[in-house]
Amino acid sequence: MSLSEYTIKIDTASTSKIDQVDFENLIFGANFTDHMFTCDYINGKWENPKITPYGDISISPAAKVFHYGQAIFEGMKAFKDDEGKIFMFRPQENIKRFNKSAVRLAMPEFPEDLFLEALKKLINLDREWVKPGFGNALYIRPFAIATQSGVLASPSDQYKVIILLSPVQSYFSGEVKVEVAEKYSRAADGGVGAAKAAGNYAAQFYPTNLAAERGFQQVVWTDSREHKYLEEAGTMNVFFRINDTLITAPTSERILDGVTRKSLIKIAEELDIPVEVRRISIDEITEASEKGELKEIFGSGTAAVISPVSAISYKGIEYKLPKIEEEKKYSNILKQKIMDIQYNKCEDTYNWRVEVK
Ligand SMILES: *Cc1c(COP(=O)(O)O)cnc(C)c1O
């Protein structure tokens, strides 16, 4: 169906909550803007796309999402430049990934053009909520849930897509210590690790809690067969710097194809930073650390952009990362460059910015 077949109805909020929000002290993902987008899948088609005041929704307690976890989501951001223009960062990538996740979870795909139009209309309506300045952003949370009532274990025939907007600031996670997974797995071959399935996160909480009890904030997920190759860090993709080379695992059925990850690879290449996309084993990392060649480890994802790691633990031994001058850290250099693009501070050679107007 083409966009002309859809009209997004808009019902604006009579009052704004914006004055009740302390934009200097935001907790990530805790505040939402005045409006949200919803659209329902009924009788085999997407119907009734609309923007309404943000608020609770009512669904059956027998809705399949509660029983079988048929749910997917996305995470993306919009940024405001110093002139008040708002840009989304590579939204088409998130839209395509949303539909890839939908296919894997036996859910209907959402029309790409309607998705983009919904994002633009919704963000434009709540544009006051996007604050300029490095670190300030609008976190965008599209998701889809199975809404058909009934506990028969089969795919739902009804779904709801919702898009929420949340003003955020960049968060400094501080020193993140990570522990290499030796028992649990986030994803397995043939599983749903490459999809943004809600259940992937639920399955990660328990092993992450166990790591936290031992003093580690995140788990570095390994391949599920041998627990030997390093694949992701918490809910982020992961990069390792050995000497001057940046290494990250190739995407696979177990690894989420992160937009931040692939953007950083491009930026690194442009900055003449040697990048290798290949499998990387824990033995290579511990050996490099012992030789003093392991310089940096960082996670990459939309929420924190880049999250530097201060130590990695494996089989009870902690390998500390060396102190490097701030301006020489790849994590800082790459973060600055990607933010320059996001906030319209430099040329956008790859056409990654999409203006909201
Ligand atoms: C969303 C996600 C990422 C990061 O993807 P971005 O597009 O960079 O935000 C990485 N790993 C997992 C498991 C994720 O769910």
Can you run phi through the Karplus equation (6.51, -1.76, 1.60; θ = phi - 60°) for region 185-199 and list ³J(HN,Hα) in whole Hz, with x for Gly and Pro? 10, 7, 8, 9, 4, x, x, 10, x, 7, 9, 8, 8, 3, x
Would you please calculate the Kirkwood hydrodynamic radius of region 176-342 over all C-alpha pairs and express it in Å, rounded to one decimal? 15.9 Å
Using a/c under 1.5 as the rounded threshold, could you call region 279-322 rounded, prolate or oblate? The axes a ≥ b ≥ c are square roots of the C-alpha gyration tensor eigenvalues, and prolate needs a/b larger than b/c, oblate otherwise. prolate
Let me see the pair-distance distribution of the chain: every alpha carbon pair, 10 Å bin width, integer percents in order. 5, 23, 31, 26, 12, 3, 0
Each residue of region 34-48 in turn: what ³J(HN,Hα) in whole Hz from Karplus with 6.51, -1.76, 1.60 and θ = phi - 60°, glycine and Pro shown as x? 6, 10, 9, 10, 9, 8, 10, 9, 9, 6, x, 8, 7, 9, 6
Whole-percent pair-distance distribution, where bins are 5 Å wide, for the alpha carbons of region 41-128: 3, 10, 17, 21, 22, 15, 7, 3, 1, 0
Hey, got a sec? Which trypsin sites (Lys or Arg not before Pro) in region 207-264 land in a DSSP loop and have at most 12 other Cβ atoms within 10 Å? 214, 225
Out of 18, 317, 247, any idea which swings most in a Gaussian network model of the chain, alpha carbons joined below 10 Å? 317
Between residue 30 and residue 85, how high is the FRET efficiency from 1/(1 + (r/R0)^6) when r is the Cβ-Cβ distance and R₀ = 45 Å? Nearest 0.05. 0.95
Of the listed links 131/345; 177/337; 77/120; 45/357; 228/315; 291/320, those spanning more than 19 angstrom between alpha carbons are 177/337; 45/357
Report the antiparallel proportion of the DSSP beta bridges in region 3-168 as a percent, rounded to a multiple of 5. 90 percent
State, as an integer percentage, the relative contact order of region 176-342 based on alpha-carbon contacts under 8 Å between residues 6 or more apart. 24 percent
Which loop GluC sites (Glu not before Pro) in region 180-226, with loop taken from DSSP, have no more than 15 other Cβ atoms within 10 angstrom of their Cβ? 182, 226
Which of 150, 198, 304 sits farthest toward the positive end of the charge dipole of the chain, with +1 on the Cβ of Lys and Arg and -1 on the Cβ of Asp and Glu? 150
Residue list for region 293-328, given a label point 7 angstrom along the Cα-to-Cβ vector of residue 276 and an amide N cut-off under 14 Å: 293-295
When the Debye formula is applied to the Cα atoms of region 3-168, each taken as the same point scatterer, what base-10 log of I(q)/I(0) results at q = 0.09, 0.12 Å⁻¹? -0.31, -0.55
For region 127-202, compute Rg over Rh where Rg is the Cα radius of gyration and Rh is the Kirkwood radius from the inverse mean 1/r over Cα pairs. 1.09
Just need the Rg to Rh number for region 289-357, please, alpha carbons only, Kirkwood Rh. 1.12
Determine the shape class of region 1-74: with a ≥ b ≥ c the square roots of the Cα gyration tensor eigenvalues, call it rounded for a/c under 1.5, and otherwise prolate if a/b is greater than b/c, oblate otherwise. oblate
Under Karplus coefficients 6.51, -1.76 and 1.60, residue-wise ³J(HN,Hα) of region 213-229 in Hz, glycine/proline x: 4, 8, x, 10, 7, 9, 9, 8, 6, 10, 4, 6, 7, 10, 6, 10, 9
Please give the per residue volume of the convex hull enclosing the alpha carbon atoms of region 86-243, rounded to a whole number of Å³. 172 Å³
Share, in percent, of DSSP beta bridges within the chain that are antiparallel, nearest 5: 80 percent
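Values in this text are rule-based calculations from the coordinates and carry no lab data. Treat the numbers as computed from the prediction; the structure is a model and nothing was measured. Positions of Cβ are generated from backbone atoms using ideal geometry, with glycine treated the same way; all protein chains shown enter the neighbour counts.
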